[in-house]
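Working notes for the structure below.
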Amino acid sequence: MLADSGFKLGLFAFNASSGLAITTIPERWKGSWQDSVETAVLADRLGLDFLLPVGRWIGWPGTTFHDSALETVAWASGLLAVTRRISVFATLHSAFLHPVVAAKQLATLDEVGAGRAGLNIVAGWYKAEHEAFGTDLPDSPERRYAHAQEWWDLVRRIWSEERPFDHDGEFFRGMRGVHGSPRPAGGALPVINAAVSGPGREFAARNADFLLTATFDPAGGTTLVDGVRAAARRHGRDRTGVLSNAFVVCRPTHREAEEYLRYYAEEHADWAGVDTVMRGQGIGPQSFTEEQIARFRPRFAAGHGGSPLVGTPDEVAAAITRFAAAGIGGLALSFVDYAGELEYFCAEVVPRLEKEGIRGRTAGGASSA
């Protein structure tokens with residue numbers, strides 16, 4: 001369903017405490033199951049396209065950011081059962097879940113959601129999580145994505161082979177009599193791959209419906225989109241779209257939006273947590289200049305490095321329009337208070353996008369792409 005044409009809007013990371021805001025404010029997002037249900041049902045009613053969880057197995061030392069995160073397969077199953085039209089993704093680490101288990105779980109999700117389940121493949125990058133599982137994080141992105149490729153090839157083969165098969169590969173060996181049922185309703189699931197490295201983007205071009213990656217300047221998105229589409233064609237695919245992630249602070253006046261941003265992402269930013277998360281993602285002096293790091297830090301405090309959508313409904317809608325004009329296929333959005341802020345966003349920003357032709361309209365007046 002997500003791969004259909006049209007600019008997509010979805011929610012990102014609300015299965016985890018703090019969402020994507022690295023802040024110490026007392027009202028920070030708790031990420032409880034009840035929070036997820038309330039937000040998912042609201043997003044479904046308001047016409048958003050997808051729900052995308054972050055996959056976390058341990059938190060970040062010295063910070064409350066993502067100190068609690070709901071497991072994404074169970075989370076997606078529950079939300080698919082209480083929603084009607086929205087796509088719900090599970091985020092799976094290919095290094096931590098055997099493909100026979102993953103194929104069964106994902107096919108079950110698709111039955112629960114009557115064809116609305118999706119998969120976000122993570123090849124692994126957080127060394128501390130690998131240590132928690134007692135495994136080694138491969139040294140290079142190339143090795144991580146080679147493993148993810150064999151993992152995904154096996155999942156798809158389980159969904160397509162009519163007879164049991166054997167498999168002896170580079171990473172998965174000694175598999176005998178492999179067979180799986182049920183299968184996804186459409187034969188496969190829509191796939192997102194979040195990546196910033198060259199091998200990661202190549203993996204997305206080969207396998208995914210959408211690459212999810214940060215786009216710091218919407219005007220430069222066209223080059224990114226063209227590159228991903230060219231890579232997809234090299235793999236014999238029609239196209240792979242691009243999603244970007246963005247944090248939203250939308251208020252009736254620009255001053256109100258800026259004041260709230262300053263409140264949670266400056267005055268009460270968890271700067272030690274920001275630095276811990278940035279180091280964990282390889283953003284440090286070994287790869288970036290001091291000036292670049294200083295520019296990244298406020299964005300990480302505000303929304304884990306996502307693009308800012310800060311201002312009035314007119315300003316936020318104009319910024320989203322620039323993403324669409326660059327060829328970006330949609331945005332994975334985060335809010336400080338997802339449940340409390342989403343309705344205002346959909347009531348004020350989405351109609352402006354509809355007027356510009358960025359979004360369509362459902363019979364009930366909610367946005368649909």
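The values are calculated or read from the model by the stated rules, or taken from the named source; none is laboratory data. The structure displayed is predicted, hence computed values, not measured ones. Every residue, glycine as well, gets a Cβ built from its backbone with ideal geometry; the counts of neighbours run over all protein chains shown. The accessibility values were calculated without ligands, DNA or RNA, using every heavy atom of the protein model including side chains. Shrake-Rupley method; radii C 1.70, N 1.55, O 1.52, S 1.80 Å.
One table, with the values for the structure above:
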{"quantity": "Residues of the stretch 229-276 satisfying the condition of being in a helix (DSSP H, G or I), touching a strand residue (DSSP E or B) at 6+ places or on another chain (Cβ under 8 Å) and either closer than 21 Å to ILE293 by Cβ or not aliphatic (A, V, I, L, M) (or both)", "calculated": "HIS254, GLU258, TYR260, LEU261, TYR264, ALA265"}
{"quantity": "Unmet requirement for ALA107, which otherwise passes all of (1) open to solvent by 10 Å² or more (accessible area, probe 1.4 Å); (2) out of contact with any strand residue (DSSP E or B) (no Cβ under 8 Å at 6 or more places or on another chain)", "calculated": "(1)"}
{"quantity": "Residue that is nearest to ASP166 (Cα to Cα), among those in the stretch 178-214 that are hydroxyl-bearing (Ser, Thr, Tyr) and open to solvent by 10 Å² or more (accessible area, probe 1.4 Å)", "calculated": "SER181"}
{"quantity": "Selected residue (criterion: surrounded by the fewest Cβ atoms within 10 Å (Cβ to Cβ)) from residues of the stretch 20-43 that are closer than 14 Å to LEU80 by Cα and either of a type in the set (Phe, Trp, Tyr) or touching a residue at least 60 places away in the same chain (Cβ under 8 Å) (or both)", "calculated": "TRP33"}
{"quantity": "Hits in the stretch 150-163 - residues which are open to solvent by 20 Å² or more (accessible area, probe 1.4 Å) and either farther than 17 Å from LEU92 by Cα or in contact with a helix residue (DSSP H, G or I) (Cβ under 8 Å, 6 or more places away or on another chain) (or both)", "calculated": "ARG157, SER160, GLU161, GLU162, ARG163"}
{"quantity": "Selection status of LEU46, open to solvent by less than 60 Å² (accessible area, probe 1.4 Å), more than 13 Å from the chain's Cα centre (by Cα), more than 20 Å from LYS30 (Cα to Cα) and of a type outside the set (S, T, N, Q)", "calculated": "yes"}
{"quantity": "Residues satisfying the stated conditions in the stretch 58-76, i.e. open to solvent by 40 Å² or more (accessible area, probe 1.4 Å), farther than 15 Å from LEU11 by Cβ and at pLDDT 95 or above", "calculated": "SER68, GLU71, ALA74"}
{"quantity": "Helices (runs of 4 or more DSSP H) (entirely within the stretch 45-142) containing at least 3 residues that are more than 26 Å from ASP153 (Cβ to Cβ)", "calculated": "72-82, 127-133"}
{"quantity": "Counted residues, the stretch 319-338 - those being part of a helix (DSSP H, G or I) and open to solvent by 20 Å² or more (accessible area, probe 1.4 Å)", "calculated": "4"}
{"quantity": "Candidates VAL316, VAL242, VAL277, filtered to the one that is at pLDDT 95 or above, surrounded by 19 or more Cβ atoms within 10 Å (Cβ to Cβ) and under 24 Å from GLY10 (Cα atoms)", "calculated": "VAL316"}
{"quantity": "Filter pass, LEU211 being under 16 Å from GLY327 (Cβ atoms) and not in a helix (DSSP H, G or I)", "calculated": "yes"}
